[in-house]
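Working notes, structure below.
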């Protein structure tokens, strides 16, 4: 059991949330180590002169955040980082969830999926149900994939395409293909939140790179490559990155030049692909010999269509297929069948057009609700990135927002290395309906408006 005691004098209202935040910060700093047992609730209540109910609610908050596990009869124990829940748990109806990145959806999407399932019931080939080997069921769908990618300016032979159950397995496969065990992967200081634990699980080093308003700074990548054994760079060049930036063609060409100079592979996460209106040429079109390109459908159509295309250089096609094989084996054939059908009959294009129009409405709503408050976004981004006032504690802001009924994502989840500048939060635009978004943004707006006035300490 740890001997560390929170500071009673710094508790603010609501007391349970302030207490939970002190304990959470101690856990994140390592002051309370994984496996440590927290002080029994009644004992801590006595030490801090608080009610047992206040301490109990604080411990429940730590459990909800995935930092602590409660064991009946034994107490509350700090969880190791790798077992902590990646998202905040919540009870339905209590919280407007603006933390999870999702496309805008409506009844249309349910109807389209039901229509798709009905079509599959009548037309699904027997091999979709009976086949066990990727090469016996997926080749025709790779041809469809090649045709789809060609619409976006990507010339990829079917043999260079790995079909995966969404972007996450595609990213894992790409990283394992491009970076050797124990190697170094460079990425923006603000990057994909799952890249950080993935690198840790694979034993890879992540090298943070500087970012400006046009994406990763080429000179920063050049310096990192000169310093050490960087094998690849991970990029999110088209609005899916935390800052919602779309890198210019000129910046993309500069990054390619650095990669060629140092013989670096490029992993391009382009999951918004066709959703981005007038998007620049993707990296894979500029340097097909060294780019592993990921284009997805989940974020641009509907969450249930969990599929992505991974395009790899010809010389790495076998390596990528092998790594996908040992981690995921095969993309779900029945869903691949549906995707190919939808590409052929125009449903995918229809859903992308619908999404683009829906996002325009969501961005207009956000601009209205947050008028006068700075934030970063792109017309087709699924989120806003909001930098917090310099004196605002990022984790405390997230916790207070949740206490007010709104879940937002802490900037900490996307950050490599030490924080540069102030805190920030990511606000998803499509994870709830328009009324929920309005209510959630209203809470965030009101919190920012009163952030200049500190909360009085409890006496």
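Laboratory data are not the source of any read-out in this text; all were calculated from the coordinates shown. Just so you know, these numbers come straight off a predicted model, no measurement behind them. No Cβ is skipped: glycine too gets one built from the backbone with ideal geometry, and neighbour counts run over all protein chains shown.
Just a few scattered comments:
- Relative contact order for region 108-345: 26 percent, from Cα pairs under 8 Å spaced at least 6 residues apart, divided by residue count.
- Here the extension length gained between residue 435 and residue 315 equals 38.2 nm, from 0.36 nm per residue of separation less the Cα-Cα distance.
- The mean sequence distance of close C-alpha pairs (under 8 Å, at least 6 residues apart), as a share of the length of the chain, puts its relative contact order at 20 percent.
- Cα gyration tensor shape of region 223-358, rounded if a/c is under 1.5, else prolate or oblate by comparing a/b with b/c: oblate
- Between helix 434-449 and the chain: long-axis angle, C-alpha atoms, 0 to 90°, nearest 10: 50 degrees
- Projecting label points 7 angstrom from Cα along Cα→Cβ for residue 124 and residue 12 puts them 5.4 nm apart.
- Taking the centroid of alpha carbons for each part, region 191-224 and region 4-51 are 34 Å apart.
- The angle between the Cα long axis of helix 167-178 and the main principal axis of the chain comes to about 70°, on a 0 to 90 degree scale.
- Backbone N atoms of region 338-360 closer than 15 Å to the 7 Å Cα→Cβ label point of residue 111 belong to residues 347, 350-351, 354-355.
- On the beta carbon distance between residue 327 and residue 47, with R0 = 41 Å, the FRET formula returns roughly 0.30.
- Only one item in (1) 77, 55, 40; (2) 90, 53, 44; (3) 69, 53, 49 matches Cα extents along the principal axes in Å derived from the coordinates shown, and that item is (3).
- Listed from fewest to most Cβ neighbours within 10 Å, the set 5, 63, 294 follows the order 5, 63, 294.
- Percent antiparallel among DSSP beta bridges (both partners in the chain, rounded to 5): 60 percent
- For region 297-432: relative contact order, % (alpha-carbon pairs under 8 angstrom, 6 or more apart): 19 percent
- The angle between the Cα long axis of helix 52-64 and the longest principal axis of the Cα atoms of the chain comes to about 10 degrees, rounded to the nearest 10.
- On the basis of the beta-carbon distance and an R0 of 35 Å, residue 445 and residue 250 show a calculated FRET efficiency of 0.45.
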